[in-house]
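The values are calculated or read from the model by the stated rules, or taken from the named source; none is laboratory data. Since the structure is predicted, the reported quantities are computational estimates derived from the model, not experimental observations. Cβ placement follows ideal geometry from the backbone for every residue including glycine, while neighbour counts extend to all protein chains displayed. Remember, those area values only see protein heavy atoms, side chains included, never the ligands or the DNA or RNA. Shrake-Rupley method; radii C 1.70, N 1.55, O 1.52, S 1.80 Å.
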Amino acid sequence: MGYRERAVIEQLRVVRPDILILAGDVVDEPGDLPVLRALLSQVDVPHAVAVLGNWEYWGDVPLEQLHKLYRDHNVTLLVNAGVQFPVEGRQVRLFGLDDATAGTPRLDLAIRGPEEDAAGLTILVQHSPGFFAAKSAGVGLPNRAFDLCLSGHTHGGQITLFGWAFGPLPPGSVPFVAGRYETAVCPLYVSRGLGTSVLPLRFFARPEIAVFDLQ
């Protein structure tokens, strides 16, 4: 637990979200699990979900232990699955897909469940945003199927100048870098996230906690 983790906890206490979404690459090695446990023990939100990123796979994180850790802290890990929460009189349906870079996303498994409430909201979370450019590589995402889609993975380019990333983006990113995009499937937001990869620094790609007020 360092400055970054303490800052995250403080910001969550300020924002007080109805739903917290962890969009993958939360840990990248087994030794990170105790830190995640310490962080989640201080997070108090009504609802929370998480999906897997590529580093949970590439870092050989024991997924059964990760699943149990999330469950112990009231976080629902969605791997090709969906969940529904009531928020201020509306139903919010969240679908979490397996990571498209290192896993196997299956929308057909995720959308099983009760019929969509026309007055509710539907949100799809999938770690690697390139998935949406390729129309899910045959997974069969219908057009305009979701009110909002969320991804991460890119770190906003991590080292950028005038919006251009200096280094290559991680596989599964192109053509997205950061921010809001319109896709055939849904409005997509690609978060810059909080961490780093390879080099422990950022330049003009500030870490962020993205907050959405969905009306």
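Observations
- Scanning the range 40-92 for residues that are on the phi > 0 side of the Ramachandran plot and touching a strand residue (DSSP E or B) at 6+ places or on another chain (Cβ under 9 Å) yields Asn74, Asn80.
- First in the range 158-170 and over 19 Å from Gly130 (Cβ atoms), second anywhere and at pLDDT 75 or above and among the charged types (D, E, K, R), Cβ under 9 Å, 6 or more apart: Ile159/Arg202
- Selection within the range 2-33: residues that are surrounded by 13 or more Cβ atoms within 10 Å (Cβ to Cβ) and assigned to a loop (DSSP other than H, G, I, E, B). The member of this set that is nearest to the chain's Cα centre (by Cα) is Ala23.
- The condition of being surrounded by 15 or more Cβ atoms within 10 Å (Cβ to Cβ) and modelled with pLDDT of 85 or more holds for only one of Phe132, Phe212, that being Phe132.
- Residue in the range 168-190 that is at pLDDT below 85, surrounded by fewer than 21 Cβ atoms within 10 Å (Cβ to Cβ), out of contact with any Ser or Thr (no Cβ under 8 Å at 6 or more places or on another chain) and over 19 Å from Ala210 (Cα atoms) present: yes
- Subset of the range 164-198 (residues that are out of contact with any strand residue (DSSP E or B) (no Cβ under 7 Å at 6 or more places or on another chain), assigned to a loop (DSSP other than H, G, I, E, B) and over 23 Å from Leu22 (Cβ atoms)): Pro168, Val174, Pro175, Ala184
Listed here are the residues, each with its yes/no results for (1) over 16 Å from Pro17 (Cβ atoms); (2) open to solvent by 20 Å² or more (accessible area, probe 1.4 Å).
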{"site": "Trp58", "(1), (2)": "yes, yes"}
{"site": "Leu77", "(1), (2)": "yes, yes"}
{"site": "Ala81", "(1), (2)": "yes, yes"}
{"site": "Gln84", "(1), (2)": "yes, yes"}
{"site": "Gly89", "(1), (2)": "yes, yes"}
{"site": "Leu94", "(1), (2)": "no, no"}
{"site": "Asp98", "(1), (2)": "yes, no"}
{"site": "Thr101", "(1), (2)": "yes, yes"}
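- The residues of the range 57-114 that are acidic (Asp, Glu), farther than 21 Å from Leu36 by Cβ and assigned to a loop (DSSP other than H, G, I, E, B) amount to a single one, Glu88.
- The single condition among (1) within 29 Å of Pro142 (Cα to Cα); (2) within 16 Å of the chain's Cα centre (by Cα) that Asp108 does not satisfy is (2).
- Given (1) within 19 Å of Gly96 (Cβ to Cβ); (2) open to solvent by less than 40 Å² (accessible area, probe 1.4 Å); (3) not basic (Lys, Arg), index of the condition Ala165 fails: (1)
- Within the range 49-65, residues that are among the charged types (D, E, K, R) have Cβ atoms under 8 Å from residues that are assigned to a helix (DSSP H, G or I) and at pLDDT 95 or above in these pairs: Glu56/Leu63; Glu56/Leu66; Asp60/Pro30, counting only partners at least 6 apart in sequence or on another chain.
- Restricting Ala48, Ala38 to those that are outside any loop (DSSP other than H, G, I, E, B), surrounded by 18 or more Cβ atoms within 10 Å (Cβ to Cβ) and touching a helix residue (DSSP H, G or I) at 6+ places or on another chain (Cβ under 9 Å) reduces the list to Ala48.
- Whether a residue is among the small types (Gly, Ala, Ser) and either at pLDDT 90 or above or within 21 Å of Arg4 (Cα to Cα) (or both) was assessed, and Ser151 passes this test.
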